[in-house]
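Written out below as structure tokens is the structure these notes cover.
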Amino acid sequence: MFALCDANSMYASCEKVFDPSIRNKPVVVLTNNDGCICAACGIAKRMGVGKKFVPYFQVKKELEAAGVVIRSSNYELYADLSQRMMDTCARFAPDINVYSIDECFLYYGKDATAPQDGWNNLANSIRKTVWREVRLPICVGIGPTPTLAKVANHAAKNVSGFIGVAVLDNEDARKHVLKQLAVTDVWGIGKRLGVKLNALGIHTAWELANRDPSHIRKAFSIIVENTVRELNGEIRHCWETVRGAKKEIYSTRSFGSRVTDYDELRAALAGHAETVSVKLRKQKSVTSSMTLFATNSPHDNGGYVRRSFFHRFTVPTNDTRNILHVIDSAMSQLFQPGVHYYKCGVGLMDLHEQDLYQYDLFNPSNDNSRLMACMDNINSRYGRSTVQMAAKGFEQRFSMKRAFLSPQYTTQWRDIPKIKC
């Protein structure tokens, strides 16, 4: 059996955890640089405002008139609360697979028997514990396959008769929910595929489940065939117990305001270089090559300008200092006077496991692993950029625009909530 734990309106819910004054108000969260709406709480959705991916400037007056609370994306807060949610859910199962920032699968075994108190009570216990300890509202769906667990979770949120919990542990429950689920709401079935299935007379998950899997494979793909089999209780999806290390690591971002200054572009690239270096060390890897780019917007009057630079290291490294040195060589190719830069980024490629890489006797590594470990430990304990490279700078005018940013309550000492007794 599988359980899917999914936070309700994750970003908006995180904003309400430490701010009781907005818990009963409509809240929407904006994307990078406060560009578009990326999340809305249930209250905002019921009011008909906060539609995803709508540019903020187009609906600003409408949101203000409706009394909607606006928040910029507070990724530091969301990531920390997500980790707390996952840690709490993990206590309720022998295996866990974190699927996204707001979802995780719990696995109880292929032939797992129901707990003494039943699956429903287990699901309710998970839900109540996450609410009590993390203050995030979640829904829990339980089924014999990952796809049916997804279906159950959808039912827990949207099907009448379920309140936050749904369990598909018998044929009647499976049939009841699948008949009420549109085929486009099935995991892995998008709108385009849904149109093709509709043309074949398949409109509900139940109708899809009753099609011959081999015929579905011939008409579509093995992926859709696996979905059909999973809807009938046959496990076809699986995941690695340990997620493999990334083969490439990138850090890119649009500027809050256009950059035209040489030193500002260099500092922005240094910030990205520091970010990818930390990620590289976290997965215990070294890099053999690096790419950098800087670009303006394709819509600029002066034409589109995209500059890039590639560098191969003589000796693989994960030392931030070595990676930063490349930027000085790259700037002559990346910077062009008069260009209003809109975005830049850094990527590390050709990654190897640090402990398994065979170094050249005549080209020893000059990485200072103790210094890097010291910096990483300090920043992990006291907050990101507590200690940083001077090349990154301190006053970053070009930083991502977040005009409605809430405090980082759980990751910055200065933002720890003050309680008056």
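Only the coordinates and a few stated rules stand behind these numbers; no lab work does. Note that the structure is predicted; figures quoted are calculated from it, not measured. Cβ coordinates were reconstructed from backbone atoms using ideal geometry, including for glycine residues, and neighbour counts include every protein chain displayed.
Annotation for residue 415 and residue 199: the two label points, set 7 Å from Cα along the Cα-Cβ direction, are 4.9 nm apart. Taking GluC sites (Glu not before Pro) as exposed when DSSP calls them loop and at most 15 other C-beta atoms lie within 10 angstrom, the chain has its longest site-free stretch at 1-233.
Which Cα, out of 250, 365, 317, lies furthest along the positive dipole direction of the stretch 249-392 (beta carbon charges, K/R +1, D/E -1)? Result: 250, furthest along the dipole toward the positive end.
I want to verify the translational diffusion coefficient of the stretch 249-392 in µm²/s; compute it with Stokes-Einstein, Rh as the Kirkwood radius over Cα pairs, at 10 °C and 1.306 mPa s. This corresponds to a translational diffusion coefficient of 100 µm²/s. Under the convention that each Lys and Arg Cβ holds +1 and each Asp and Glu Cβ holds -1, the size of the dipole of the chain around its Cα centre is about 1060 debye. Within the straight-line cut-off of under 25 Å between alpha carbons, the lysines reachable from residue 175 are 110, 150, 157, 191, 196, sequence neighbours fewer than 8 places apart in one chain being disregarded.
In plain terms, the chain from residue 311 to residue 182 could stretch by 41.4 nm, reckoned as 0.36 nm per residue minus the Cα-Cα distance. Ordering 408-418, 282-292 by mean Cβ neighbour count within 10 Å, with the highest value first, yields 282-292, 408-418. Taking 0.36 nm per residue of separation and subtracting the current Cα-Cα distance, fully stretching the chain between residue 374 and residue 289 would add 28.1 nm. Approximating the spin labels as points 7 Å out from Cα along Cα→Cβ, the residue 212-to-residue 381 distance works out to 6.7 nm. Geometric descriptor of the chain, per residue, is 206 Å³ (volume of the convex hull of the Cα atoms).
Full extension of the segment from residue 99 to residue 358, taken as 0.36 nm per residue of separation minus the current Cα-Cα distance, would add 89.9 nm. Label-to-label distance, residue 236 versus residue 91, with points set 7 angstrom from Cα along the beta-carbon direction: 3.7 nm.
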